[in-house]
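Worksheet: the structure to be examined is printed underneath.
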Amino acid sequence: MFAYILRRLWQMLPTMLGVVLLVFILFNWVGGDPAYILAGKMSSAESIANIRRQLGVDQPYYVQLWIFIKQIVTFDFGQSWATGESVSHIITSRLGPSLMVLIPLTVLETFFGVALALAIAFVRGSLTDRAVMIACTVGMSISILVYIIVFQYGFAYKLGLFPVQGWGDSFWENLLRYSTLPILIGLAVSIAPTLRLFRTFVLDEANQDYVRTARAKGLKEGRIMWVHVLRNAAIPIITYVMSNLPALLIGAFLLERFFGIPGIGREVILAVERSDFPVIKAITVYVAAATMLFNLLTDLMYQAVDPRVQLK
């Protein structure tokens, strides 16, 4: 197992290097000269030259690339061009609010998706099954903006059950008060596609020969579904959940923006609006690294779920 982990980490290095080169090319060659962005339209050639010297973009490209690699390794991307705040502090301080929404949302989405998929598998092909699938299709057709507006208006403004937006300093206040409505909206948006996908995973296993053998032996349908079918369907479910985690950090930007949650997604939007390249580059690189690490963790979880899976 330890040798497998070391080998996978070693294999990640070329991929990570490719990501670094791609980000460097996009921001240094395609993205234009940042000195003109920071200096403004009414700037002089002298001020632009001073900014270029301060940013180090007057250096040869190989020197700039080496500086970029050192920034990644040392977790020090300098300061934000827009606010002057340390980029490292921006990422670490924004990560907590994002995880406070992401972790409960992922747990609830997975739990309800698996439970409902197994329940629907009991009545597959029935009128209930068709009605649920139609409801899921309708739910997937509605924009997340509609969910946000309706939930904010109904639950926050009219009923006053939750604040419309905001964020506090207390962990429990943020978890139970400010993040509850965004989590409910995220669950309402994601449960339909998750249920359809998990239902497919469960039904694929329910049609296998070992399930027919278990029924022939007289095992109860509940035990077949919750023990045998779920165990084998867990592998694609784990793949889906784990592969979505890094993307959710950025993908929840609408929830963070509308509810004023100071998370990673909201910070990316602000950085794009301000052309704050250091923040964008840092988040891009570390999300890529997180994706590769989660892929490794997914493979390790495979073997924990099913010891028959051999890691090579």
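The values are calculated or read from the model by the stated rules, or taken from the named source; none is laboratory data. Every value quoted in this text rests on a predicted model; they were computed, and no experiment measured them. With ideal geometry, Cβ positions are generated from the backbone for all residues, glycine too; neighbour counts draw on all protein chains shown. Keep in mind that these areas ignore ligands, DNA and RNA; they rest on the heavy atoms of the full protein, side chains included. Shrake-Rupley method; radii C 1.70, N 1.55, O 1.52, S 1.80 Å.
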Among (i) 52, 43, 39; (ii) 71, 47, 39; (iii) 84, 57, 34, find the value of Cα extents along the principal axes in Å that was calculated from the structure presented, and write down its label.
-> (iii)
Helix-only mean residue ellipticity at 222 nm for the chain, each DSSP H run of n ≥ 4 adding -39500 (n - 2.57), per residue, nearest 500 = -23500 deg cm²/dmol
Shape category assigned to the range 224-298 from the gyration tensor of Cα positions, a/c cut at 1.5 | oblate
Restricting attention to the range 41-114, which GluC sites (Glu not before Pro) occupy a DSSP loop and are surrounded by at most 14 other Cβ atoms within 10 Å?
-> Glu85
At 27 Å minimum axial length over the Cα atoms and a Kyte-Doolittle cut of -0.5, report the qualifying DSSP H helices in the chain, or say none.
-> 2-25, 87-122, 180-206, 230-251, 277-305
Counting only residues 5 or more places away or on other chains, whose amide H sits under 5 Å from the amide H of Gln79 once H atoms are built in the peptide plane?
-> Val87
Extension gain (nm, one decimal) between Ala304 and Leu21, 0.36 nm per residue minus Cα-Cα | 98.4 nm
Please arrange Val189, Val87 by accessible surface area, largest first, computed with a 1.4 Å probe and ligands excluded.
-> Val189, Val87
With every protein chain left in place, what is the accessible area per residue of the chain in square angstrom, probe 1.4 Å?
-> 55 Å²
For the chain, what relative contact order do you get, as a whole percent, if you take Cα pairs closer than 8 Å and at least 6 residues apart?
-> 25 percent
